[in-house]
Amino acid sequence: SLGSSDIRFGELEAESQELAYQIDNAIGRLFVYMSRYAKSYIKKTLEDTPLQSPEDFTALAILLTHESLSKGELISRNIQEKTSGTEVIRRLLAAGLVKQWDDQTDKRSKRISITDSGKGLLHRVFDDMNYVGKMVTGNLSYSEKLKLQYLLQKLETFHFQLHEDKVINTKEDIRSVALNSKY
C-alpha cells in the first residue's frame, strides 16, 4: 500500500499495519517522526546556551516581535499547555532572557518582554537555526520545498484557528471536527 516502507514495523499484526498506512494515519505518523527529528536537531543546536528546549527558543522568538505579551498570550502563541508554558517562562526569567511586570489594565495578569540579553542570545542562535532548517528539509529540491511550505502553511492556518478558537478540548471534539465539513 501507499508509503508502506516504514522499517519500524515488523511482520506481525497485518491489520494494524494496514491502519498505520491509511493516508491520514500515515501523514500523522510522518509528522510525529519529523517533529522528533527537528526537536533533536534543535536541542543539539541549543546545547551551549541557557535555552533548554525548542519551546524556550520559540517563546523568545515570539517575544522579539512584540513589545510585550501577557503570559497567557505568549503561552497560546507558543502552542503550549499552561503548565508547560509557565515552566518555559520561569526558565527564561531565571536566565535573565525575559522580564515580567504586573499588567496595568488587568491586575491578575503579568506582562512579559524580551531583555537585551535575550535579544543577543536569540540573534546568535538564529545563525545555527538556519542549519536546522536545512537539515529538516533534507534532500528536497527548491520546488519541493515550495510545495511543502504551501501545504504546511495551509495546515498550520487550519490548526491555529482551531487552537485560537479553543475548539478541541476532548477526544469527542476531535471526532466532531474530523467529520465536520466546516473545517
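The values are calculated or read from the model by the stated rules, or taken from the named source; none is laboratory data. Computed from a predicted structure; not experimentally measured. Methodologically, a virtual Cβ is constructed for each residue, glycine included, from the backbone with ideal geometry; neighbour enumeration extends over all protein chains shown. Keep in mind that these areas ignore ligands, DNA and RNA; they rest on the heavy atoms of the full protein, side chains included. Shrake-Rupley method; radii C 1.70, N 1.55, O 1.52, S 1.80 Å.
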Check your understanding: Per residue and in cubic angstrom, what volume does the convex hull of the Cα atoms of the stretch 87-141 have?
Key -> 128 Å³
Practice item. Could you check the simple spin-label distance between Thr137 and Ser53, using points 7 Å along Cα→Cβ, in nm with one decimal? Key: 2.8 nm
Check your understanding: Could you give the nm distance between label points at Gln161 and Ile62, where each point is 7 Å from its Cα heading toward the beta carbon?
Key -> 2.0 nm
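Within the chain, what whole-number % of the accessible surface is contributed by carbon and sulfur, with the 1.4 Å probe and all protein chains included in the calculation?
Details: 7090 of 13060 Å².
Exposed carbon and sulfur together represent 54 percent of the surface.
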**Study point:** Gyration tensor (Cα) of the stretch 30-183, equivalent ellipsoid semi-axes in angstrom
**Key:** 28, 24, 13
Revision key, fill the gap. The Cα radius of gyration of the stretch 29-69, divided by 2.2 N^0.38 Å with N its residue count, comes to 1.36
Revision key, fill the gap. Once phi for every residue in the stretch 160-170 is put through the Karplus expression 6.51 cos²θ - 1.76 cosθ + 1.60 (θ = phi - 60°), the whole-Hz ³J(HN,Hα) values, with Gly and Pro written as x, are 5, 5, 4, 5, 4, 7, 6, 7, 9, 10, 9
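Sorted by average packing, counted as other Cβ atoms within 10 angstrom per residue and highest first, what order do 130-140, 47-57 take? Can you show the working numbers first?
Working: 130-140: 12.3, 47-57: 17.6.
Those peptides, ordered most packed to least, come out 47-57, 130-140.
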**Study point:** Nearby lysines by direct alpha-carbon distance to Lys44 (threshold 19 angstrom, same-chain neighbours under 8 apart not counted)
**Key:** Lys134
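Can you pick out the pairs among Lys39/Lys82; Lys82/Lys171; Lys107/Lys171; Lys99/Lys145 whose Cα atoms lie more than 27 Å from each other? All intermediate terms of the calculation are to be shown ahead of the outcome.
On the way: Lys39/Lys82 20 Å; Lys82/Lys171 19 Å; Lys107/Lys171 35 Å; Lys99/Lys145 37 Å.
Too far apart for the 27 Å limit: Lys107/Lys171; Lys99/Lys145.
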Review point. Which residue, Arg91, Arg111, Arg36, tops the fluctuation ranking in a GNM of the chain built on C-alpha contacts under 10 Å?
Key: Arg36
